[in-house]
Amino acid sequence: MRREAMKLWRGGLLATLAGDSGWGLIPDGALLVDDAGRLAWVGPSAEAPAAAEVVELQGALVTPGLVDCHTHLVYGGNRAHEFEQRLQGVSYADIARAGGGIKSTVAATRAAGEAELLASAQRRARALLAEGVTTLEVKSGYGLEAATEARMLRVARQLGALGVDVRTTFLGAHALPAEFTDAQAYIDAVCAWLPELHAAGLVDAVDAFCEHLAFSPAQVACVFEAARRLGLPVKLHAEQLSDQGGAALAARYGALSCDHLEYLSPSGVQAMAAAGTVAVLLPGAFYALRETKLPPIDALRAAGVPMALATDHNPGSSPTLSPLLMLNMACVLFGLTPEEALRGLTVNGARALGLHERGQLVAGQRADFCIWAAGHPRELAACFGHNPLIERVCQAEQAPQGEP
Ligand code: NIG
Ligand code: FE
């Protein structure tokens, strides 16, 4: 969707999410979008300024555009056979130790060319966009060698041509590739690749997987030091399968977010609160791995840690392409309120990417928004397996057809 000079959208139920809590509802509300793609004015339709072009929303619901702040969208192959194995009682960790899991996707991704990776990632991205995603984070981490990590990140960048704002995250420290036996030697290699990837404009943030079957806090710290030398923000897959103290480490580096967090300790919660680190909740992975330990939602809430929500789309632990389903799962499985869930997929998802100019319908913000066939925003979380999106308005320009 292209930018329009002073376009007024009026007659909708706006869920602005203005401020730190509440839906911020404006019944019969209007949005004025300026020619720079910003919200110039938000308020009751009756008080709206005149505009060159007017669109009648006919009572439809308007929310901020959805921000999917944690995905592994670019990869080769698929792992549906592991789904069958897990149904037979084999754990995610057992599959990984036996050389499956992330490593099997690494083999398929290394074997795939850039065009093939792009085509499959575009198909997945289109599914996310069809449910209202306007900002999309994509991680590397299935190359685990410089050339393939770069290829993944280039493909991720190219997804922007679909008309979505893409943020790329370097996740070289995702797993130990078969050609390395010494984890520290691999970490040193990851740190050595980062400056060149960054110089090529491929990295917006740096992530790692801190876990007994991946990397230790000390090894993650080396990666975070390399990020710090380049002025890059960090994020962490933390306390997904066990408490490694990863969240506290990430907080020491001022991490934008810690993600998963089922095994997060009380001291980890406090460290995140003090650092202003966002908790990214990933109910798709919790559900698919049949995890029973819940992330400490009450403690996060009590400590004032902002909670974001994402699909974590990946071929293993969370093969979902439905951000709307994540709203429902966050409420049913994790006990979030529908408002917390929607904040998680909008304003707090944006914060988890270090973006503060989107995620709320207030003047000055980027005019990314969604128009839904719904009478109240809580319906978006209450329903599942149903997509009420009418239109997605995103300031990221779509490339003309045939030039993705
Ligand atoms: O976020 N936890 C580590 N990484 C991914 C899973 C990757 C995979 O299984 O391929 C996650 O769940
Ligand atoms: Fe992940």
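The values are calculated or read from the model by the stated rules, or taken from the named source; none is laboratory data. Only a predicted model underlies this, so the values are computations on that prediction, with no experimental measurement involved. Quick reminder, even Gly has a Cβ in these numbers, built from the backbone with ideal geometry, and neighbours come from all protein chains shown. Please note that ligands, DNA and RNA were not included when accessible areas were found on the heavy atoms of the full protein model with its side chains. Shrake-Rupley method; radii C 1.70, N 1.55, O 1.52, S 1.80 Å.
Y263 accessible area, nearest 10 Å², 1.4 Å probe?
Solvent-accessible area, nearest 10 Å²: 60 Å².
Going from most exposed to least, what order do R392, R97 have by accessible area with a 1.4 Å probe?
The most accessible residue leads, giving R97, R392.
Count the lysine pairs in the chain that are 8 or more places apart or on different chains: how many have C-alpha atoms under 23 angstrom apart?
4
Calculate the FRET efficiency for A178 and E357 from the Cβ-Cβ distance with a Förster distance of 56 Å, rounded to the nearest 0.05.
Plugging the Cβ-Cβ distance into 1/(1 + (r/R0)^6) gives 0.85.
Mind checking the angle between helix 217-229 and the chain's longest principal axis? C-alpha axes, 0 to 90 degrees, to the nearest 10.
60
With a ≥ b ≥ c taken as the square roots of the eigenvalues of the C-alpha gyration tensor of region 60-129, please select rounded if a/c is under 1.5 and otherwise prolate if a/b is larger than b/c or oblate if it is not?
It comes out oblate by the Cα gyration axes.
Which value at 222 nm does the chain reach when only helices count, each DSSP H run of 4 or more adding -39,500 (n - 2.57), with the total divided by all residues and rounded to the nearest 500 deg cm²/dmol?
So the helix-based figure for the chain works out to -10000 deg cm²/dmol.
Helix 102-111 sits at what angle to the longest principal axis of the chain, using alpha carbons and giving 0 to 90 degrees rounded to 10?
Roughly 80 degrees, rounded to the nearest 10.
How big is the antiparallel share of DSSP beta bridges in the chain, given as a percent to the nearest 5?
Values: 21 of 52 bridges.
Here the share of antiparallel DSSP bridges comes out near 40 percent.
Among F170, F215, F180, which one moves the most in a GNM of the chain with springs linking Cα atoms closer than 10 Å?
Of the options given, F180 has the highest mean-square fluctuation.
Can you sort R79, R123, R151 by 1.4 Å-probe accessible area, starting with the largest?
In descending accessible area the options line up as R123, R151, R79.
Roughly how many Å is it from the Cα centre of region 32-86 to that of region 111-154, as a whole number?
20
Excluding ligands and nucleic acids, what accessible area in Å² is computed for K235 using a 1.4 Å probe, to the nearest 10?
Surface accessible to solvent at K235 totals approximately 0 Å².
Report the full-extension gain for the segment E47 to A93: residue separation times 0.36 nm, less the Cα-Cα distance, to one decimal in nm.
Details: separation 46, 0.36 × 46 = 16.56 nm, distance 5.77 nm.
Contour length minus Cα-Cα distance gives 10.8 nm.
Just how much of H313 is accessible, in Å², when a 1.4 Å probe is used and the result is rounded to the nearest 10?
The value for H313 is about 10 Å².
Using all C-alpha to C-alpha distances in the chain, build P(r) with 20 Å bins and read off the rounded percent in each one.
Using 20 Å bins, I get a P(r) of 29, 58, 13, 0 for the chain.
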